[in-house]
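The values are calculated or read from the model by the stated rules, or taken from the named source; none is laboratory data. Quick caveat, the model's predicted, so the values are computed rather than measured. We place every Cβ from the backbone using ideal geometry, glycine too, and count neighbours over all the protein chains shown. What goes into the accessible areas is simple: the full protein's heavy atoms, side chains included, and nothing from ligands, DNA or RNA. Shrake-Rupley method; radii C 1.70, N 1.55, O 1.52, S 1.80 Å.
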Amino acid sequence: MSRFLDNKYNSLKPYTPGEQPQGKSYIKLNTNELPYAPSVQAQRAAAEQLESLRLYPDPAATCLKAPLAESFGVLPENVFVANGSDEVLAFCFMALCPKGASFADITYGFYSVYAALYGVDAEIIPLSDDFSIDVSEYMGEERTIFIANPNAPTGIALSLEVVEKLVAQNSQRLVIIDEAYVDFGAQSAVPLTKKYDNLMVVGTFSKSRAMAGARLGYAVANRELIADLERIKFSFNPYNVSRPTMAAGAAAIADVAYFEQCIDKVVATRQWTNEQLKSLGFELTDSRANFIFARHTRMNAQDIYEKLKQKGILVRWFDAPRIRNFLRISIGTDENMRALVDAVKHILAEK
Ligand SMILES: *Cc1c(COP(=O)(O)O)cnc(C)c1O
């Protein structure tokens, strides 16, 4: 820390991203990227923008908002786009939590980081023992609610009925549903945004669209909430989405067939991996995401994590209360997951 840093940031604990190793090549199952390339049409659309990089991107993001809105069955005025959904979430903590925020003890790590960064008072609501969210614990307060659905890193999803109940019974407070993983097997709350003015759905192209490197996220909500986000964006960085990313995003939405093919593959591979790991003595949550969350009944998670790393396979282990004995393993290709299962067999045999 330099002597120039404002004291209020002294105690910030920045988010710890999963490792992005630059030297040695690993089978990378630690940051929930897709193992498949982005849509070829998206790649081409991005490449076509390279000559135009001398120009700023369209701050209104018209060519991206239109197809995104259409795909959701809403109007462009109901859609906001940003530099990853992390930026959307940052704006929400910055501007839409005047009375504080409520979120789970075990959830996406950025919620607590943003709360600290923007001085938002956070109410932490523990998950149940089985890691499910009991929405009755979120009733009747004034703080903005943040729920990842499916949750990370547990993968457990809430049904649409439960989300609607939460939104309907908390009309005085804003509910933000982070749907980073929804495409892999949960129900989206986007249709409810037409009925409830206290609901915002946040999503990303990083996971199901295989575009983590492009940095593209979005929000869907009623027009007033979207106008609030635009007000923050135009006070912060009007050019938050680059030209190649905007073009690639629009093209990715149009390539429905490829999107569905990727999802189907991930879901099938997740099922296979689940069965294999169960037969090796793991207990798994009912993950609806592109990762699994697993604990071995006899072997310590940190040990497995370290031994997998030695064997060239990176998974995610969180040194955090309640989940220290779990591993979060992203779903790779079938070949990646066969390698994982083989490595785990070896590790268990060595023991
Ligand atoms: C990956 C992830 C995000 C962030 O996604 P970006 O769009 O890449 O910023 C947000 N929320 C959850 C729960 C995630 O897992």
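Could you check the stretch 60-72 and list, in sequence order, the residues that are touching a residue at least 40 places away in the same chain (Cβ under 8 Å), open to solvent by 40 Å² or more (accessible area, probe 1.4 Å) and not in a helix (DSSP H, G or I)?
Within the stretch 60-72, none qualify.
Need pairs with beta-carbon distance below 9 Å; first residue aromatic (Phe, Trp, Tyr) and within the stretch 190-212, second open to solvent by 30 Å² or more (accessible area, probe 1.4 Å) and more than 16 Å from the ligand (Cβ to nearest atom); sequence gap 6+ or separate chains.
Correct list of pairs: Tyr196/Glu164; Tyr196/Ala168; Tyr196/Ser171.
Conditions (1) away from the ligand (no atom under 14 Å from the Cβ); (2) basic (Lys, Arg); (3) free of Cβ contacts under 8 Å to residues at least 12 places away in the same chain, marked per residue:
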{"position": "Ala221", "(1), (2), (3)": "yes, no, no"}
{"position": "Leu225", "(1), (2), (3)": "yes, no, no"}
{"position": "Phe234", "(1), (2), (3)": "yes, no, no"}
{"position": "Pro238", "(1), (2), (3)": "yes, no, no"}
{"position": "Met246", "(1), (2), (3)": "yes, no, no"}
{"position": "Ala252", "(1), (2), (3)": "no, no, no"}
{"position": "Tyr258", "(1), (2), (3)": "yes, no, no"}
{"position": "Cys262", "(1), (2), (3)": "yes, no, no"}
{"position": "Lys265", "(1), (2), (3)": "yes, yes, no"}
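Under the condition of being within 8 Å of the ligand (Cβ to nearest atom) and assigned to a loop (DSSP other than H, G, I, E, B), which residue from the stretch 84-117 is least open to solvent (accessible area, probe 1.4 Å)?
Going through the qualifying residues, I end up with Gly84.
Just one of the numbered conditions (1) within 18 Å of Gly155 (Cβ to Cβ); (2) hydrophobic (A, V, I, L, M, F, W, C); (3) not in a helix (DSSP H, G or I) is not true of Trp272; which one?
It is condition (3) that Trp272 fails.
Search the stretch 322-344 for residues being touching a Ser or Thr at 6+ places or on another chain (Cβ under 9 Å) and assigned to a loop (DSSP other than H, G, I, E, B), and hand back the single one that is nearest to Pro126 (Cα to Cα).
Going through the qualifying residues, I end up with Ile323.
Restricting to the stretch 334-351, and then to whatever is under 27 Å from the mean Cα position of the chain (by Cα) and surrounded by 13 or more Cβ atoms within 10 Å (Cβ to Cβ), can you tell me which residue is farthest from Tyr36 (Cα to Cα)? Working first, answer last.
Pass one, the stretch 334-351, residues under 27 Å from the mean Cα position of the chain (by Cα): 334-341, 344.
Checking which are surrounded by 13 or more Cβ atoms within 10 Å (Cβ to Cβ) leaves us with 334, 336-341, 344.
Working: Asp334: 11, Asn336: 12, Met337: 14, Arg338: 16, Ala339: 17, Leu340: 17, Val341: 20, Val344: 23 Å.
Ranking the candidates gives Val344 first.
Can you tell me which of Ile313, Ile331 is open to solvent by less than 30 Å² (accessible area, probe 1.4 Å) and more than 14 Å from Phe291 (Cα to Cα)?
Ile313
Contact list please: Cβ distance under 7 Å, first residue in the stretch 115-139 and of a type in the set (A, V, I, L, M), second residue open to solvent by 20 Å² or more (accessible area, probe 1.4 Å) and assigned to a helix (DSSP H, G or I), pairs at least six apart or on different chains.
Ala122/Ser112; Ile125/Glu137; Val135/Val162; Val135/Lys165
Go through the residues of the stretch 227-234 one by one and say whether even a single one is more than 23 Å from Ile292 (Cα to Cα), of a type outside the set (Lys, Arg), modelled with pLDDT of 95 or more and open to solvent by less than 20 Å² (accessible area, probe 1.4 Å).
Taking the stretch 227-234 first, the residues more than 23 Å from Ile292 (Cα to Cα) are 227-234.
Filter once more, keeping what is of a type outside the set (Lys, Arg): 227-230, 232, 234.
Retained after the next criterion (residues that are modelled with pLDDT of 95 or more): 227-230, 232, 234.
Going one step further and asking which of them are open to solvent by less than 20 Å² (accessible area, probe 1.4 Å), we end up with 229.
Among the residues of the stretch 227-234, at least one is more than 23 Å from Ile292 (Cα to Cα), of a type outside the set (Lys, Arg), modelled with pLDDT of 95 or more and open to solvent by less than 20 Å² (accessible area, probe 1.4 Å), which makes the answer yes.
If Asp319 satisfies every condition in (1) modelled with pLDDT of 95 or more; (2) within 22 Å of the chain's Cα centre (by Cα) but one, which is the exception?
The number of the failed condition is (1).
From the residues in the stretch 135-151 that are of a type outside the set (Asp, Glu) and either surrounded by fewer than 23 Cβ atoms within 10 Å (Cβ to Cβ) or more than 12 Å from the ligand (Cβ to nearest atom) (or both), which one is nearest to Glu179 (Cα to Cα)? Outline the logic, then answer.
To start, the set of residues in the stretch 135-151 that are of a type outside the set (Asp, Glu) comprises 135-136, 138-140, 143-151.
Then keep just the ones that are either surrounded by fewer than 23 Cβ atoms within 10 Å (Cβ to Cβ) or more than 12 Å from the ligand (Cβ to nearest atom) (or both); that gives 135-136, 138-140, 143-145.
On the way: Val135: 17, Ser136: 20, Tyr138: 18, Met139: 21, Gly140: 23, Arg143: 20, Thr144: 16, Ile145: 14 Å.
Checking each candidate, the answer is Ile145.
Within the stretch 297-310, restricting attention to residues that are within 21 Å of Ser279 (Cα to Cα), surrounded by fewer than 18 Cβ atoms within 10 Å (Cβ to Cβ) and not polar (S, T, N, Q), which residue is farthest from the chain's Cα centre (by Cα)?
At the first step, the residues of the stretch 297-310 found to be within 21 Å of Ser279 (Cα to Cα) are 297-305, 307-308.
Still in the list and also surrounded by fewer than 18 Cβ atoms within 10 Å (Cβ to Cβ): 297-298, 300, 302-303.
From what's left, not polar (S, T, N, Q): 298, 303.
Working: Arg298: 30, Asp303: 27 Å.
Checked the stretch 297-310; the qualifying residue farthest from the chain's Cα centre (by Cα) is Arg298.
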